[in-house]
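Read the structure below first, then the notes.
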Amino acid sequence: MERMLEKVLPHVTLKAKPNLESRIRTLKRDWEIVYNMFSGKDNSEFGWDKHRQMVVAKDVVWNSYINSHKAAGQFRHRSFPYYRPTYFHLCKRSSH
């Protein structure tokens, strides 16, 4: 990967490993936030829009949740093309 970067950007000293590790940490953090939205107690009003690939809920639900979970606010209008909602629902079922 680093050789490919060197060919495309010859005078830039980007290293693939730190960038990939950072991206993985970000994806794990994001996944945990969204997973908690589906799996938490009294969070049954969150749903999944498969066409827009994003978490959906009524404004009052979002506002209440964001009040106590600030990090979730970024996902109110953000899609998740790499996430599988089926997995969220399976995890939610197995946690009961």
- Message: Could you list, ordered by first residue, the pairs with Cβ atoms under 6 Å in which the first is in the stretch 24-42 and touching a residue at least 12 places away in the same chain (Cβ under 8 Å) and the second is loosely packed, with under 11 Cβ neighbours inside 10 Å and among the polar types (S, T, N, Q), at least 6 apart or interchain?
- Response: 39/95
- Query: Say we look at the stretch 1-44 and pick out the residues that are charged (D, E, K, R) and modelled with pLDDT of 80 or more; which of these is farthest from residue 73 (Cα to Cα)?
  - Reply: 21
- Provide a single number: the residues in the stretch 44-61 that are touching a helix residue (DSSP H, G or I) at 6+ places or on another chain (Cβ under 7 Å) and either assigned to a strand (DSSP E or B) or without any contact (Cβ under 8 Å) to a residue 12 or more places away in the chain (or both). 2
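The values are calculated or read from the model by the stated rules, or taken from the named source; none is laboratory data. All of these numbers come straight from a predicted model, not from anything done at the bench. When we count neighbours, we look across all protein chains shown, and the Cβ atoms used for this are built from the backbone with ideal geometry, even at glycine.
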